Structure formats: C-alpha cells, structure tokens
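One structure is given here, and the rest of the page talks about it.
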Amino acid sequence: MEKSSITHVILTGGVGSRLWPLSRKSQPKQYLDIFNGKSLFEMTVERNRNIADKVMVVGNIDNCHLSKKVLEKSNTSYIDIIESTPRNTAAAIAFAAFASHPDAILVITPSDHIIDEMELYEAAIQEAIEKAANGSIVTFGIVPTKPETGYGYIERKGDDVISFREKPDQAVAQDFIAKGNFLWNSGMFCFKASVLLEELKVFTPEVYEKSKLAWESNTNGNLDLALSLDIPSISIDYAVMERSKKIKVVTSQFGWSDLGSFESVYDYLLTIGHPVDENGNMVIGTTNYTAFIGMKDCIFVSTPTANLILKKEFSQDVKTVYNELERNNPDLLN
C-alpha cells in the first residue's frame, strides 16, 4: 500500500465542557498548552506525521484560526474543512470523505487525546490500514486498565464487533472488565472514503444527502450555514458503526486517555510529575500557594475569571455546572 493514499483527518469540533473553566469556547481543551508545554492538537499532528502524507482538519468557524496557528508554526500543509455550526461526528466525517479520493484511506482521530507507547500505536494504525484496504471500516478498541464509566465500550470476538455499549455505570463497567472481551471505544477510525460513504448512504441517507449538498456548495472549505443546519446532528457510531456489517476492531495496547474529565487530567498530570500534597490534592492553573485542609483527592482549578473546586470522583458532574452557566451566565464559557 503506497503511503500517498493515506490521509490523517483530525476532528477538532469539541468544546471540552467537562474541563471548564480551563476549557472555554474561545480556547477549547485541545488548544491549551498545559500538557508538557504543547497542546493536545499539536501532539496529535506530530504523532501521525509519519503515518500519512496528507493532513485534513475538520474544525469550525470558532476554532479554525487556532488550528491554523499550530499548523503554520510546524509548517504543515493541510486541507481545511470549516463547519459553520457543529453537526456531530457523522457529518464531520462525511465531509472528510467527500473531500477525498474514493480510494484514499482515512485515519480519523480526535484532536484532544493523549497517546503513549508510539510503537504499539503505529502497529495498531498499520493493522487498521491493512483491514481498511480490504474494505473494512475499522474502529480502535483500547484494552481497558480499569472499569472506567466515562467511556463507551466495544464488545468483540477476535476482530469482529459484537456490540457497541454506551457509557456504563460502575457495576456494569466492572462486569465488562470481568468478561474480558470488552474494549474502550477510542473514537478513532480507519476506512476507505468510498466504503464509509456507501455505508452512510445505506444506513442514514439523510445525513449522506444533506452533507453532500453542503459539501458541494463549500467555498474554500467553508460550509454554508443554512445547508449545514439541515443535516441531522448524529454521531458516526449511531449513523454507521452500530449498523454496518463491515466493522472490524483493532485491539490496541497503547496508552490512551481522552482527557475528558478532570480525573483523567489528574491521572495524566501525575505521570508527568505534577505536584500533589500528601492527601492527593492537586492545583491546576496557578503557582500561588494553595493549602487544602481536611480534604482528600480534591482538585483546585484556577483561571482569571472562574475557579472550580471538586472531589476527583465527581469529575463527570462538571458538565452540569457548564450546562447551568450556558443558561444563566454564558459569558463565563467564552
């Protein structure tokens, strides 16, 4: 398989609401330089540099300038697709496929994940590319390290997917781990552009047709707002992955986290030597002296306009604060 037919597609649409107040609409988590002085987006670009010779970024009108800054800094040429409004991952991935040669193999990755053990990562990508070349739509399943409730799961037998499961509660997650054939759903995919579009057309024709219309009317990669608003907002998992018979899973051993919550950020920062006190309390975002009294496993997040104090195990609940601010004080989200 020649290298020139592989495109790395980076999805940058997320706002990282569970990482508020660090992550804001004007500076979502994938662009924050708090991870070893580089942003997650920059690390995503670098990680896949050897795998593909084309880079495509599917972003939106609010963040495309942030992507541009990073890509210009590293002198990376790329294909820019700019959504006028978020329409979830089915449409974002459809745009990337419409923008590609039918035989091109696309490696789709989010822009806000941490990945370690590059040899294992590259081996998983190569395995996926081979399966995609044979007409499969490949998803990457991560061997779980704990019964995590913040991720979806893939039930598999060999490289066949039996089912996709929503984020479980603690008891169900423990059951998945005990069964041993469940993987974390990483949100990374690999397929031929034409194969994905054929399946999309069969299972969610409305997403296919309306994304095609919006794509065909693009101006330099910018998508029209009215045409975009017509596209149903659904995830690629629901639109294709849970329905197609062409899905294969690559069981992946590389270190992976979607840094989707302060608990996962805490765990990651610990591994790179970020300080905690003797009770496991952590400060993020300020060098000011901060004392915790009578508290254990808490995180203090400091920003110029808002602070957050939470117990680590309640990390998933930050979203409720975000949703409340969206209704009552939206300025604090920018």
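Since every read-out is calculated from the coordinates, none of them should be taken as a lab result. None of the values given here were measured: they were computed from a predicted structure. All Cβ positions, glycine included, derive from the backbone under ideal geometry; neighbour counts span all protein chains shown.
If you bin all the Cα-Cα distances of the range 168-232 at 10 Å, starting from zero, the percentages per bin are 17, 28, 24, 20, 11, 0.
Return the Rg/Rh ratio of the chain with Cα-based radii and a Kirkwood Rh. In the chain, Rg relative to Rh is 0.96.
For E216 and H274 in one chain, what is 0.36 nm times their gap in residues minus the Cα-Cα distance, to one decimal in nm? Don't skip to the answer; put the middle values down first.
Working: separation 58, 0.36 × 58 = 20.88 nm, distance 4.77 nm.
Gain in length upon complete extension: 16.1 nm.
In the range 195-334, a dipole from Cβ-located charges (positive for Lys and Arg, negative for Asp and Glu) runs towards its positive end, and of G294, I309, P205 it is P205 whose Cα lies farthest in that direction. Its alpha carbons considered, the range 59-121 gives a radius of gyration followed by a Dmax of 13.5, 37 Å. Of the three principal axes defined by the Cα atoms of the range 44-95, the extents in descending order read 29, 21, 15 Å. In the chain, Cα pairs under 8 Å separated by at least six residues give a relative contact order of 22 percent. Each Cα pair of the range 132-187 feeds into the Kirkwood radius, which the Stokes-Einstein equation turns, at 4 °C and 1.567 mPa s, into a diffusion coefficient of 113 µm²/s.
Counting lysine pairs in the range 89-224 that sit 8 or more residues apart in sequence, or on different chains, and whose Cα atoms lie under 13 Å apart gives 5.
One compactness figure for the range 201-269 is 1.59, namely its Cα radius of gyration divided by 2.2 N^0.38 Å. Here the spin labels are modelled as points 7 Å beyond Cα on the Cα-Cβ line, and at K296 and S77 they lie 5.8 nm apart.
For the chain, the membrane-span-like helix rule (DSSP H, alpha carbon extent of at least 18 Å along the helix axis, mean Kyte-Doolittle at least -1.0) picks out 118-133; this says nothing about an actual membrane. Taken over the range 17-170, the percentage of Cα pairs per 10 Å bin, counting from 0 up to the bin with the maximum distance, is 8, 33, 40, 18, 1. Restricting the calculation to Cα atoms, every distinct pair contributes to the Kirkwood radius of the range 223-334, found to be 17.8 Å.
In the Gaussian network model of the chain, springs joining C-alpha atoms below 10 Å, which of M118, M56, M43 carries the largest mean-square fluctuation? Top of the fluctuation ranking is M118. Between the residues T109, N75, V138, the greatest Cα displacement towards the positive end of the dipole of the range 72-202, with unit charges on the Cβ of Lys, Arg, Asp and Glu, is found for V138.
Taking every C-alpha pair closer than 8 Å and separated by at least 6 residues, the mean separation divided by the residue count of the range 1-105 gives a relative contact order of 32 percent. Each Lys and Arg contributes +1 and each Asp and Glu -1, all at the Cβ; summed about the Cα centre of the chain, the dipole is approximately 200 debye.
Remark: the range 2-82 is approximated by an ellipsoid whose semi-axes, taken from the C-alpha gyration tensor as √(5λ), come to 23, 13, 11 Å, largest first. Using C-alpha pairs below 8 Å separated by at least 6 residues, the relative contact order for the range 78-233 is 37 percent. Per residue of the chain, the DSSP helices (runs of n ≥ 4 H) give a summed -39500 (n - 2.57) that works out to -9500 deg cm²/dmol at 222 nm. Residue ranges 255-262, 327-334 sort as 255-262, 327-334 when ordered by packing (mean number of other C-beta atoms within 10 Å per residue, highest first). Per the Debye formula on identical point scatterers at the alpha carbon atoms of the range 250-314, with no solvent, log10 I(q)/I(0) at q = 0.13, 0.19, 0.27 Å⁻¹ is -0.39, -0.75, -1.34.
Computed over the Cα atoms of the range 118-230, the ratio of the radius of gyration to the Kirkwood radius (Rg/Rh) comes to 1.07. Spatial offset of the range 53-76 relative to the range 251-328 amounts to 28 Å, using the alpha carbon center of each.
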